[in-house]
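*Asks:* To start, I am sharing the structure in question, which I have written as structure tokens.
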Amino acid sequence: MFKFLFIKEMKQFWRNPALPVMAVAFPLVVILVLPFLATMDVRNVGVSVVDSDNTPTSIRLTGKIAGSGYFHLADSKTTYSQAMSQIEHGIADVIISIPCGFEEKLITGQGVDLMISANSTNVTKGSLASSHIGSIIQDFAEEILEERGLLQMQQLQQSMSGDNNVYSNIAVLNLFNPSMDYRTFMLPAYMALLIIVLCSVFPALAIVTEREQGTLEQINVTPLTRTSFILAKLVPYILVGVVAESIAFAAAYLAYGFVPQGSFLVLYAATILMAAAMSALGLLISNFSNTFQQAGYMFFFVILTALLMGGLFTPVSSMPDWAKSVSYAMPTTYYMDIMRGVYLKGSGFAHTWSQFVWLAGFTLLFSVASVLTYKKRI
């Protein structure tokens, strides 16, 4: 009986013109479009420079900031109030104030105070822009001192004087994401988004649609067991989720050269469990929905909660304690740990076995609940 129900479900899937197209187009849109729209990278930040020194060195610093790729020079003003008006009108996002005597103090190795004023209406943009500009100014100062042979002399003098604030070269190694590319952090999350949406919505809507059309009543009068019915609804959409995720893996590689550091075997094992868990959750929701509209409202709540509290966009560790409790009660949290671990760190089964146990537990829980809550109504 399961075989015939499986064939029936696959035929229904292919006969619906929207579902196959969505199963292929949705992964492509999510992987190829979303990384350019939903990004935390700071680009094209407007900078207004108040250059009170107006020397070749200050002009060189301005050019270095403008040529960094993160900023564009909105304008150069003579007073801070003029630059502030550009902030107020949205022309600039950051003001850099270069004081008089900047060049003289810099080339003689004296301390120079520069003021960076950032528009923090957008907190993320303001803080990241300030950090980037601070790094550029620090590199510029080292560059000038090194050109004039003052860097090593300054270090030697501070060392001989026993100053605890000895200048030292600090090399920062960013593990697992050396380029600090936000896309590298988010692509695994977008892949999880596919499973959450496709594998939860498709099977649930299949049951709700059959219930609205009346074909479900014909199945209910047969001696078909509830377990066989639920399994016949689960398996096809687990396959759909695996195929959609494979398209996402290929698109990420072809578009960005993004490949996992670990094994695809681990990725596919986690994907199968996640697809099964979300499909079972979708069926569980459909058991309490009589119409498409009711199912849609419930899915909106479930999917939104999974996206915001499942660690896709913000780390679970940064959430308050009550939110962490909710996050750990969702399969998306554990799937995200596996995806980012395999893609960025090269984690294997030995490092992710606990996440697999949790995913298997959620799959079993949702599947049993779906079977128990399904009622054969005539």
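The values are calculated or read from the model by the stated rules, or taken from the named source; none is laboratory data. Not measured: the values here are computed from a predicted model. Here the Cβ is made from the backbone with ideal geometry for all residues, glycine too, and neighbour counts use every protein chain on show. Note: accessible area is taken over every heavy atom of the protein model, side chains too, but ligands, DNA and RNA are not part of it. Shrake-Rupley method; radii C 1.70, N 1.55, O 1.52, S 1.80 Å.
*Asks:* Output the number of the condition that Pro260 fails; it satisfies all remaining conditions of (1) within 19 Å of Leu193 (Cβ to Cβ); (2) open to solvent by 50 Å² or more (accessible area, probe 1.4 Å); (3) not in a helix (DSSP H, G or I).
*Replies:* (2)
*Asks:* Further, regarding this structure: Looking at Leu304, is it outside any loop (DSSP other than H, G, I, E, B), out of contact with any Gly (no Cβ under 9 Å at 6 or more places or on another chain) and either at pLDDT 90 or above or closer than 24 Å to Pro35 by Cβ (or both)?
*Replies:* Answer is yes for this residue.
*Asks:* Of a type outside the set (D, E, K, R), surrounded by fewer than 22 Cβ atoms within 10 Å (Cβ to Cβ) and closer than 21 Å to Ser370 by Cα - does that describe any residue in region 333-352?
*Replies:* So far as region 333-352 goes, no, none of its residues is of a type outside the set (D, E, K, R), surrounded by fewer than 22 Cβ atoms within 10 Å (Cβ to Cβ) and closer than 21 Å to Ser370 by Cα.
*Asks:* Please go through region 320-335 and give me each residue that is closer than 11 Å to Ala306 by Cα, in a helix (DSSP H, G or I) and of a type in the set (A, V, I, L, M), ordered by number.
*Replies:* Val326
*Asks:* Scan region 310-323 for residues that are over 16 Å from Ile195 (Cβ atoms) and either open to solvent by less than 50 Å² (accessible area, probe 1.4 Å) or at pLDDT below 85 (or both) and jot them down.
*Replies:* Thr314, Pro315, Val316, Ser317, Ser318, Met319, Ala323
*Asks:* Report the residue count in region 75-126 for those that are closer than 15 Å to Asn54 by Cβ, among the acidic types (Asp, Glu) and crowded, with 19+ Cβ neighbours inside 10 Å.
*Replies:* 1
*Asks:* Further question on the same structure: Return the residues of region 58-74 that are open to solvent by 60 Å² or more (accessible area, probe 1.4 Å), of a type outside the set (A, V, I, L, M) and at pLDDT below 85; say none if nothing qualifies.
*Replies:* Gly67, Tyr70, His72
Conditions tested, residue by residue: (1) part of a helix (DSSP H, G or I); (2) touching a helix residue (DSSP H, G or I) at 6+ places or on another chain (Cβ under 6 Å).
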| residue | (1), (2) |
| --- | --- |
| Phe185 | yes, no |
| Met191 | yes, yes |
| Thr209 | yes, no |
| Thr222 | no, no |
| Ala232 | yes, yes |
| Ile238 | yes, yes |
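*Asks:* Output the residue which, of all residues in region 282-297 that are of a type in the set (A, V, I, L, M, F, W, C) and assigned to a helix (DSSP H, G or I), is most open to solvent (accessible area, probe 1.4 Å).
*Replies:* Among those residues, the one meeting the criterion is Phe292.
*Asks:* Something else about it: Search region 43-89 for residues being in contact (Cβ under 8 Å) with a residue 40 or more places away in the chain and part of a loop (DSSP other than H, G, I, E, B), and hand back the single one that is farthest from Ile107 (Cα to Cα).
*Replies:* Tyr70
*Asks:* Next up: Filter region 207-225 for residues that are under 17 Å from Ser289 (Cβ atoms) and open to solvent by 40 Å² or more (accessible area, probe 1.4 Å); which is nearest to the chain's Cα centre (by Cα)?
*Replies:* My answer is Thr209.
*Asks:* Would you tally the residues in region 4-46 being open to solvent by 50 Å² or more (accessible area, probe 1.4 Å) and of a type in the set (Val, Ile, Thr)?
*Replies:* Total meeting the criteria: 6.
*Asks:* For region 226-246, which residues satisfy the criterion of being surrounded by fewer than 20 Cβ atoms within 10 Å (Cβ to Cβ) and of a type outside the set (D, E, K, R)?
*Replies:* Thr227, Ser228, Leu231, Val235, Leu239, Val242, Val243, Ser246
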